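These notes are about the structure you will find just below.
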Amino acid sequence: MKAFAELSEQEILALAISAEEEDARIYADYAEGLKGAFPASAKVFAEMAAEENEHRRQLIETYRSRFGEHIPLIRRHDIRGFTRHEPLWMVRPLGLERVRKQAEALEFEARRFYERAIARTSDAGVRKLLGDLAAAESSHVSLAQRLGDELLTADARRAEEETRRRMFVLQVVQPGLAGLMDGSVSTLAPLFAAAFATHATWETFLVGLAASVGAGVSMGFAEALSDDGELTGRGHPWLRGAITGLMTTLGGIGHTLPYLIKDFGTATTLAVTVVLVELWVIAWIRSRYMDTKFLRAAFEVVVGGLIVFAAGILIGSA
């Protein structure tokens, strides 16, 4: 994958053309999927598709005047820093709330792309067009307002508050949750394998500590290197990496600390209790911030945790 900073002016315009075409087709699919149950909302997305097609036409005209007829195929998934969105447009029936949120994310990402692209171009005409497109994305009426009569309740948060919440989820909750889940679950097998193999609390503590720190370092670097945050708005990569790494370590340390207790039975009972608390916290966070029903989140997390927990005991008892 190529970094956005490595793109030439020609490549930036080609990428903008393909991005506008893709967004137009996504919005058209939204309109098609919603027209049965939500005809007014479908009309909104059809208008958005038409607007994206007009942006694409303007970009193509500018590209032809600068670089000729051939437009290289450069797509967002070829460039590091773009979010890989869940293909909701392929799902039937479409859920209006999820579609609204994803459309807002696409608009936000498009605006950030044009703002970054302006700094990478020198031609006055290109800069003006990119600036106009960035302004168009910024001036879009919030979908929460455009679809308000069908979707929003009287106590809906203001658009600014919702934006801040989305950024908090993107920059803090998602990396922290990924780390907490990995730390809480991935360290269960080595910790309890060591516990039941040795029945020695201090040695078990050392194994759990090593697994927690190792997982934290690994997850932290993986998150920091996965996305520079320039286009997605997910924040500074090293900050996200630090959040992920610390939460991963914390997730493993929680059920490791009980093995500082010398009595094996007491330490193990307390460790199992901590594990159950950790899994409940993970399920609650997913339910609170990730639009997942609590019972479903709890079921998914607990099943995964129990499988790893059982594997550790079986291996340690072999």
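Numbers at a glance
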{"quantity": "Qualifying residue in region 207-219 (condition: within 19 Å of V169 (Cβ to Cβ) and either modelled with pLDDT of 75 or more or touching a Pro at 6+ places or on another chain (Cβ under 6 Å) (or both))", "calculated": "yes"}
{"quantity": "For I26: the one exception among (1) free of Cβ contacts under 8 Å to residues at least 40 places away in the same chain; (2) in contact with a helix residue (DSSP H, G or I) (Cβ under 9 Å, 6 or more places away or on another chain)", "calculated": "(1)"}
{"quantity": "Flag if E86 is of a type in the set (D, E, K, R) and crowded, with 18+ Cβ neighbours inside 10 Å", "calculated": "no"}
{"quantity": "Condition met for E115 (assigned to a helix (DSSP H, G or I) and closer than 14 Å to A24 by Cα)", "calculated": "no"}
{"quantity": "Qualifying residue in region 7-22 (condition: in a helix (DSSP H, G or I) and free of Cβ contacts under 8 Å to residues at least 24 places away in the same chain)", "calculated": "no"}
{"quantity": "Condition met for A16 (of a type in the set (G, A, S), closer than 16 Å to E137 by Cα and modelled with pLDDT of 90 or more)", "calculated": "yes"}
{"quantity": "Residue in region 58-74 that is assigned by TED's automatic domain parsing to the domain that holds V126, touching a Phe, Trp or Tyr at 6+ places or on another chain (Cβ under 8 Å) and at pLDDT 85 or above present", "calculated": "yes"}
{"quantity": "Residue within region 84-97 that is out of contact with any Asp or Glu (no Cβ under 6 Å at 6 or more places or on another chain), closer than 17 Å to A14 by Cβ and not β-branched (V, I, T) present", "calculated": "no"}
{"quantity": "Residue in region 58-73 that is surrounded by 20 or more Cβ atoms within 10 Å (Cβ to Cβ) and under 24 Å from R100 (Cα atoms) present", "calculated": "no"}
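The values are calculated or read from the model by the stated rules, or taken from the named source; none is laboratory data. No experiment lies behind these values; they were computed from the predicted model shown. Please note: Cβ atoms are built from the backbone with ideal geometry, for glycine as well, and neighbour counts cover all protein chains shown.
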